[in-house]
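S.K.: Let me begin by handing over the structure; questions about it come next.
The values are calculated or read from the model by the stated rules, or taken from the named source; none is laboratory data. Source: prediction; values computed, not measured. Here the Cβ positions follow ideal geometry from the backbone for every residue, glycine too, while neighbour counts run over all protein chains shown. Ligands, DNA and RNA are excluded from the accessible area calculation, which covers all protein heavy atoms including side chains. Shrake-Rupley method; radii C 1.70, N 1.55, O 1.52, S 1.80 Å.
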Amino acid sequence: MTRPERNSDRILVAGVGNIFLGDDGFGVETVRRLAAEQLPEHAEVVDIGVRGVHLAYQLLDGYDTLVLVDATARGGEPGTVYLIEADGANGIEPRNALLDGHRMSPDAVLALLETLCAGTGARPPRRILVVGCEPAGVEEGIGLSPAVAAAVPEAVRLIMGLLRDGEQESSAPPVAVGEAAK
């Protein structure tokens, strides 16, 4: 099977998370709102939800940059939006590459992607960024907490800036880029 030519400008923005677990739906809600924006031609936005295997296979189509949008517990105040560089030594470490189509975390998806690339000759994205939000809770229930819901527009602005204005310094450490109003 021949893969398409790699386009160095292609960016995939993927919202991941489970809308039935409260703030875990942050990524899905953010890309839903992002899809209503005027996106640059080189950008594609997808709602992956809990379909991690689908994301791994879609990445085989050749993207230079992957922006994962997800709830990200890092110990900050609920609603804090983070921009995390996930490559090299600062990358997402595969903790459990268990192949389960409905429970694959981003680290498991990236581990699967490495395996798929080795078998197909495709290359993974050169750069992986995570736009995360500190959740208030991920218990069963539909709907974002007020702090996380208030962070969605901030995350959309951040992602649009990344898509329009280029990428941050590749050596940038993980940072909190702001805190939503509480």
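S.K.: Find all pairs meeting these conditions: Cβ atoms under 9 angstrom apart; at least six residues apart or on different chains; first residue within region 38-60 and crowded, with 22+ Cβ neighbours inside 10 Å; second residue small (G, A, S) and assigned to a strand (DSSP E or B).
M.R.: Close Cβ pairs (under 9 Å, with a partner that is small (G, A, S) and assigned to a strand (DSSP E or B)) amount to V45/A14; V45/G15; I48/A14; I48/G15; L55/A14; L59/A14.
S.K.: Right, something else. Take the residues in region 62-106 that are assigned to a loop (DSSP other than H, G, I, E, B), of a type in the set (D, E, K, R) and out of contact with any Asp or Glu (no Cβ under 8 Å at 6 or more places or on another chain); name whichever of them is modelled with the lowest pLDDT.
M.R.: Ranking the qualifying residues of region 62-106, first place goes to D100.
S.K.: Being at pLDDT 90 or above and over 13 Å from the mean Cα position of the chain (by Cα) is the filter here, so list the residues in region 40-61 that pass it.
M.R.: Result: P40, E41, H42, A43.
S.K.: What's the number of the condition R74 fails, among (1) open to solvent by 10 Å² or more (accessible area, probe 1.4 Å); (2) under 17 Å from R10 (Cα atoms)?
M.R.: So R74 meets the others, but not (2).
S.K.: In region 23-36, what residues are in contact (Cβ under 8 Å) with a residue 24 or more places away in the chain, open to solvent by 10 Å² or more (accessible area, probe 1.4 Å) and closer than 18 Å to G137 by Cβ?
M.R.: D24, E29
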